[in-house]
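Below is one structure, written out as structure tokens; the observations come after it.
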Amino acid sequence: MFREFIRKRWHFYVFGIISLIVIDLLQLFVPKVISKAINSLQSIRDISEVRFLVLTILALAFGMLLGRFWWRYFIMGSARYFDYYAKKNLFDKILSLDMHFFDKHRSGDIMAYFTNDVSTVERMLGIGVVQLTDALFMSSMTVFFMATSTNWRLTLTALIPLPGIILVSLFFGKLIFKRSRYTQDVYMDLSGYTEETMDGIRVIKSFSILPKIEELFDKKAKEHFTATMSLIRIWGIMWPLVHFIGTLAFFLALTVGGPMVVKGTVTLGDYVAFNSYIGMLVWPLTAYGMVMNVIQQGRASLQRLKEISNAEPVVIEPEKPVKIDRIDDITINNLWFKYPGTERYVLKGVNFEVKRGQFVGIVGTVGSGKSTLVKVISKFYPVDRGKIFINGIDINDIHSQDIRRLISYVPQETFLFSDTVAKNVAFAMEEFDLEEVKQYVKLSAVDEDIEKFPEKYDTVVGQRGVMLSGGQKQRLTIARALMKKADVYIFDDCLSAVDPETEEEIIQTLRDKMKGSTMIIITHRLKVLQNADVIYVLDQGVILEKGTHYELLQNDGLYARMYKKQLVIDDNQN
């Protein structure tokens, strides 16, 4: 990403640096003109010469005005473009990564890349480039003008302490890099914790653990404060030291140059110009220290951004994917699966088959691998070749976008965007018909609730659907899935927040209205699967049983025990 940006904008930086060099040259001529003006005043003969020198200074100032506009336009403008370019590419890159990446990174951590790291690299590409140009060009040219305009001996004497600025900058630059990287890591952790806390504020308040949360936040905030102060202490030592060394140059210039002026070896005008050059020289050398700071911080952030840019999805897409327009069947043969980066097998020797138009139920104990099974079918995670087939084609030969285009998956965790009810249901559509939205909302049995809202389908549901109940959110996500008009619908325990009767009614309605489509339902309420074509029963990653509802009851296995237990619970509740 960084190299691509430089390839696109290098000519802007060339024009900007040229503008900056022109300004630096004009600045270097100003003391020379002032020197001539002072010397002319000492032996004034013709005021017109002074007027000419004053006009020359004005012309130089106007030239610097134009140059400053152009370097800001080319260099700072390019830095601002990097902010846009990096965030856009970072966003696209993150969207291209698979679920394994999001399993490892919190949303707050990801936000830190967009805010802190991109801004730090932007400073490096903006003010950092300006300071580096000044440090290199201005310092060398200032030394040249000092030597040619006044006296080599005086110049060399004044320069004695100045290399110390570079040494100080190099020494502290390494420390700044290490501490900047640590500070940014701590900031990411603090940002992630804050975002997570805001998302879970209702859980936190319901458990009445605000003091504990405040204590944890205070601990992380103090850690960030300590890391930042550690960095500030480095700056606090570095800058006074740099300015002290610069002041020594003025001291030596006065000690050596004062007697020269008295003796007439150096004119007063030349001595004034020489002191102006020292001031000009201290700034670029100080800027060298500043640019070391900016560059080291930028390097630390660039390294973190590089980690994201170089991240590769664990699901490898085929070079020449087989195109599919529909899903007729899904077959799994002896699948052993563990999540990337882990050692524990979640699915063990699983065999599974779904035919078009079937109503398939998946049940089992907690943590038995039910959700994992439908996730690998949707190609969220990689599997070995020869294990999963769609229409007889290995899933590794089909692009994941084609698979997900034909599968509508509703996960356990409901998620709604902070938008209207209608736009949440028609999320995948650029344009939609409100009547069609209402049709699918009715199928998911949430239409009566929406009609009671003040603004009905234009009601904004709030962040993550906070304005709705758990059951309303779940049913809206089902309506959203139905509006996608897929071949296969997967409902992963997504009706747990509604009562059993409503769940049974919704599933039966979907079964009647969506004939021809395949339905895979994961549920803990076994009663809703009475009409399922086939039910798979999992326990600890293994399929223990397979059959219809009544066949499994006759087997008197795990399914039968689970069903009887639920009947006892329902009877007790009644």
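The values are calculated or read from the model by the stated rules, or taken from the named source; none is laboratory data. Source: prediction; values computed, not measured. Note that we place each Cβ from the backbone using ideal geometry, even for glycine, and neighbour counts take in every protein chain shown.
Here are a few things to note about the model shown:
- Residues that are modelled with pLDDT of 70 or more and of a type in the set (S, T, Y), drawn from the range 100-154: Y113, T115, S119, T120, T133, S139, S140, T142
- Cβ-Cβ contacts under 9 Å between residues 6 or more apart (or on different chains), taken from a first residue in the range 436-454 that is surrounded by fewer than 22 Cβ atoms within 10 Å (Cβ to Cβ) to a second residue that is of a type in the set (S, T, N, Q), are listed as K442/T509; L443/T509; A445/T502; A445/T509; D449/S469; D449/Q472; F453/T459.
- Every residue from the range 160-171 that is closer than 28 Å to L254 by Cβ, in contact (Cβ under 8 Å) with a residue 40 or more places away in the chain, hydrophobic (A, V, I, L, M, F, W, C) and part of a helix (DSSP H, G or I): I165, I166, V168
- L248 being surrounded by 12 or more Cβ atoms within 10 Å (Cβ to Cβ) and of a type outside the set (S, T, N, Q): yes
- Residue within the range 350-357 that is touching a Lys or Arg at 6+ places or on another chain (Cβ under 8 Å), farther than 30 Å from Y563 by Cα and in a loop (DSSP other than H, G, I, E, B) present: no
- The residues of the range 317-347 that are within 19 Å of I395 (Cβ to Cβ) and either hydroxyl-bearing (S, T, Y) or outside any loop (DSSP other than H, G, I, E, B) (or both), listed by number, are D329, I330, T331, I332, N333, N334, L335, W336, F337, Y339, Y345, L347.
- Scanning the range 531-556 for residues that are more than 24 Å from N334 (Cβ to Cβ), part of a loop (DSSP other than H, G, I, E, B) and in contact (Cβ under 8 Å) with a residue 12 or more places away in the chain turns up just one, N531.
- The range 508-530, residues that are more than 24 Å from T372 (Cβ to Cβ), part of a helix (DSSP H, G or I) and touching a residue at least 24 places away in the same chain (Cβ under 8 Å): T509, R511, K513, K527
- For the range 526-547, the criterion of being aromatic (F, W, Y) and exposed (fewer than 15 other Cβ atoms within 10 Å of the Cβ) is satisfied by no residue at all.
- Qualifying residue in the range 297-316 (condition: at pLDDT 75 or above, over 30 Å from R181 (Cβ atoms) and not in a helix (DSSP H, G or I)): yes
- The range 347-382, residues that are among the aliphatic types (A, V, I, L, M), more than 31 Å from the chain's Cα centre (by Cα) and under 30 Å from K513 (Cβ atoms): V354, V360, I362, V363
- Count of residues meeting criterion [among the small types (G, A, S) and more than 17 Å from I490 (Cα to Cα)] in the range 429-447: 1
- The residue list I232, I204 contains one member that is within 30 Å of D117 (Cβ to Cβ), assigned by TED's automatic domain parsing to the domain that holds L305, part of a helix (DSSP H, G or I) and at pLDDT below 70, which is I204.
- Some residue of the range 32-48 being of a type in the set (A, V, I, L, M), within 51 Å of the chain's Cα centre (by Cα), modelled with pLDDT under 80 and part of a helix (DSSP H, G or I): no
- Positions within the range 404-432 being without any contact (Cβ under 8 Å) to a residue 40 or more places away in the chain and within 21 Å of M519 (Cβ to Cβ), in sequence order: R404, E413
- Within the range 159-184, the residues that satisfy the criterion of being crowded, with 16+ Cβ neighbours inside 10 Å and farther than 12 Å from L231 by Cβ are L159, P161, L162, G164, I165, I166, V168, S169, G173.
- Identity of the residue in the range 358-374, in contact with a strand residue (DSSP E or B) (Cβ under 6 Å, 6 or more places away or on another chain) and small (G, A, S), that ends up nearest to R326 (Cα to Cα): G361
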